[in-house]
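Values quoted throughout were computed directly from the atomic coordinates according to the rules given, and no laboratory measurement underlies them. None of the values given here were measured: they were computed from a predicted structure. Heads up, the Cβs are rebuilt from the backbone with ideal geometry, glycines too, and the neighbour counts pull from every protein chain shown.
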Amino acid sequence: MQSLSSNANVLKWINEIVLLTKPEKVMWIDGSEEQLNQLRQEGCKTGEMVALNKEEYPGCYYHRSQKDDVARLENKTLICTINEENAGPTNNWKSPEEAYKLGRSIFENSMNNRTMYIIPYSMGPVGSPFSKIGLEVTDSIYVVLSMNIMTRVGKSVLDALGDSNDFVRGLHGKCTLDINERYIFHFPEDNTIWSCNSAYGGNVLLGKKCFALRIASYQGWKEGWMAEHMLILGIENPKGEINYIAAAFPSACGKTNLAMLIPPEIYKKKGYKVWTVGDDIAWLKVKEDGRLWAINPEAGFFGVAPGTSEKSNYNALMATKKDSIFTNVVYNLDDETVWWEKMDNNPPENALDWHGNPWNGKTSKEKGAHPNSRFTAPAKNCPCISKQWESPEGVPISAIIFGGRRAKTAPLVYQSRSWQHGVFVGSTLASETTAAAAGKVGVVRRDPMAMIPFCGYNMGDYFGHWLEMGEKISNPPKIFHVNWFRTNSEGKFIWPGYGDNFRVLEWIINRYENKVEADLSQIGYIPRKEDINIEGLNITDAVLTDLLTIDIESWLADVQNIEKFYKKIGATLPNELSKELDILKLNLNNSIGTSIK
Ligand code: GTP
Ligand code: SPV
Ligand code: MN
């Protein structure tokens, strides 16, 4: 096939990859429907995918990945910088020399008898000053079709690139899918990503976590902007004014849900609306107006399927109804549709589970869908997609929220005292682990800014970068912390969550607009009970009190854990953050609470 690009840098790199992997055929992805349709058909022919019911799920496909390849593999995700300190103590490091050597030995001849697809893609709207270009080479049709949903793909991207050498070089190969040889190598100093022996989204859709977070966070550090694991949403008030919020929660902690939230009836009636700009990643820049502006670099949602229902997240569910791909969910053999736990109370009886085995949802004790099964859906399908979601200028951010799953320590919401204190709050974010990564579930781990698996450089330098950005933003967003996951003695969530999280967002916007007072506590500003609207909720006063309580003992225990974590960060930890930790310790020990205006 004729090359789609005449860019000498592109051609030189492709040539190297062809010589290494020796594909039988090379195909440039031009983004045309004709070509994509041909690939869809071929994917179905080889059994890599199954076309779903054309009436209920037009343009949708079902896919299963290998049993040991259903989540990100963090211990095989490597940051390969010349100096180990640049990867830092929270990343797995390998020298570029060794990594390339190992990678080459794995990729050598790996595409024999296979077609190599070359995907030109843009993260961010093509031509936006925020946007960046990547090329992903892959031997997987699933990857091509998923990238076509998750990013902007095709010829127009190469046109925008022109002769430039400024593109991220991504190589993905399924190789033999051997877990022992599975690696996701990042070379931030070379703008390069190599991923082998996996076919799971987070490891192989290289535009997402690999580029838009790991490589981009490094680029942002060097170039003075930020790449963050954040959703972006707009809250429209009855006057039609919209405030935008960016929120960082660790994997499977509720970003997609919050981004697409439907306000409770009492707010809807008054005219409040929520608009989705992005559900996972934000790229942020300071503009002349002194504010922080953000774009969503992605074009689709790679969302957690289980738990997504008409009730919990109507908008996400609707987004999946056409042109989407479903991975590791239940396949209903009777009507060629998909199902997952908590989609509804009517699981199929004649189905295949995520292993591909016959499964009866009415009688089986096993789950049908993998807990990290996912949908890949075009953002433009989402009923509440923001009118600004493709704005090349981005949207101005009024508030930044950090949050995680904390059964006890963190209250429902609190506000930091300043940008610096907000960076401290982000740097000490912690959460109970989920199924989004291979490993134990439910263990508390520190996950600063929800970036522990995604920061492409030294975490201490990353904190420093946050502090420096604060100096450049003359009109900074206010920084908050939320926790939807507080539990009672029976382990039940005491906050209803989902759409009712709007009540907390309202407080946050009220604080941003200086409309409500708050109480300065040991950890930051805490809402007054009367300022969290619980009208129409089945919540007792005692529960609300509990939600806003700071338990000094468990905070002091947490401080010890933070100290350990900060020790691990070591010499690159900014002094400002050690000072903030001292202040927190002092406040907790003195245990003072003063009311302020
Ligand atoms: P990634 O795509 O992995 O980054 O995940 P995410 O942060 O987008 O999480 P998502 O919105 O997909 O939610 C993950 C899980 O948390 C789902 O099972 C949701 O049902 C559940 N969840 C989301 N919001 C809430 C909430 O407010 N309360 C409770 N209890 N559960 C929630
Ligand atoms: C996450 O784990 O935070 C995800 C899914 O958004 S993945 O793309 O697999 O990383
Ligand atoms: Mn994520």
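Brief remarks follow.
- Here the Karplus curve 6.51 cos²θ - 1.76 cosθ + 1.60, taken at θ = phi - 60°, turns the phi angles of the range 85-94 into couplings of 4, 6, 7, x, x, 9, 10, 8, 10, 9 Hz, with x standing for Gly and Pro.
- Cα convex hull of the chain, projected area averaged across orientations, nm²: 26.0
- Evaluated at q = 0.13, 0.22 Å⁻¹, the base-10 log of the normalised Debye intensity for the range 382-468, with identical point scatterers placed on the Cα atoms, takes the values -0.59, -1.14.
- Taking Lys132, Lys67 and counting other C-beta atoms within 10 Å, the order from fewest to most: Lys67, Lys132
- Gain upon complete extension [Phe493, Lys25; 0.36 nm per residue less C-alpha separation]: 163.1 nm
- For the range 243-268 and the range 445-489, distance of Cα centres in Å: 18
- Per-residue Cβ neighbour counts within 10 Å put Leu258, Leu4 in the sequence Leu4, Leu258, beginning with the fewest.
- Spacing of the modelled spin labels on Lys408 and Asn538, each 7 Å from Cα toward Cβ, amounts to 2.8 nm.
- Around the Cα centre of the chain, unit charges on the Cβ atoms of Lys, Arg, Asp and Glu (plus for the first two, minus for the last two) sum to a dipole of about 400 debye.
- Rounded D (µm²/s) - the range 370-514, Kirkwood Rh over Cα pairs, Stokes-Einstein at 20 °C, 1.002 mPa s: 123
- Cut-off 12 Å (backbone N to label point 7 Å along Cα→Cβ of Lys579), residues of the range 412-434: 420-421
- When each of Lys322/Lys380; Lys273/Lys529; Lys25/Lys208; Lys208/Lys255; Lys255/Lys568 is checked by Cα-Cα distance, pairs over 20 Å: Lys273/Lys529; Lys25/Lys208; Lys255/Lys568
- Nitroxide proxy distance, nm - points 7 Å out along Cα→Cβ at Asn475 and Arg445: 4.0
- Projected over every direction and averaged, the convex hull enclosing the alpha-carbon atoms of the range 59-125 yields 8.2 nm².
- Note on Met343, Met147: ascending count of other Cβ atoms within 10 Å places them as Met343, Met147, the fewest first.
- Taking Cβ atoms as reference points and 12 Å as the exclusive limit, the residues near Pro358 contribute a net charge of -3, counting Lys and Arg as +1 and Asp and Glu as -1.
- Convex hull of the range 257-390 built on C-alpha atoms - directionally averaged projected area, nm²: 10.0
- Restricting the trypsin sites (Lys or Arg not before Pro) of the range 414-493 to loop positions (DSSP other than H, G, I, E, B) with no more than 15 neighbouring Cβ atoms within 10 Å leaves Lys440, Lys492.
- Qualifying GluC sites (Glu not before Pro) in the range 232-315, where qualification requires a DSSP coil assignment and no more than 13 other C-beta atoms within 10 Å, comprise Glu241, Glu288.
- Rg over Rh for the range 515-581 works out to 1.13, using Cα positions for both radii and the Kirkwood form for Rh.
- Simple spin-label estimate for Lys321 and Lys54 gives 1.9 nm between the two label positions (7 Å along the Cα-to-Cβ direction from each Cα).
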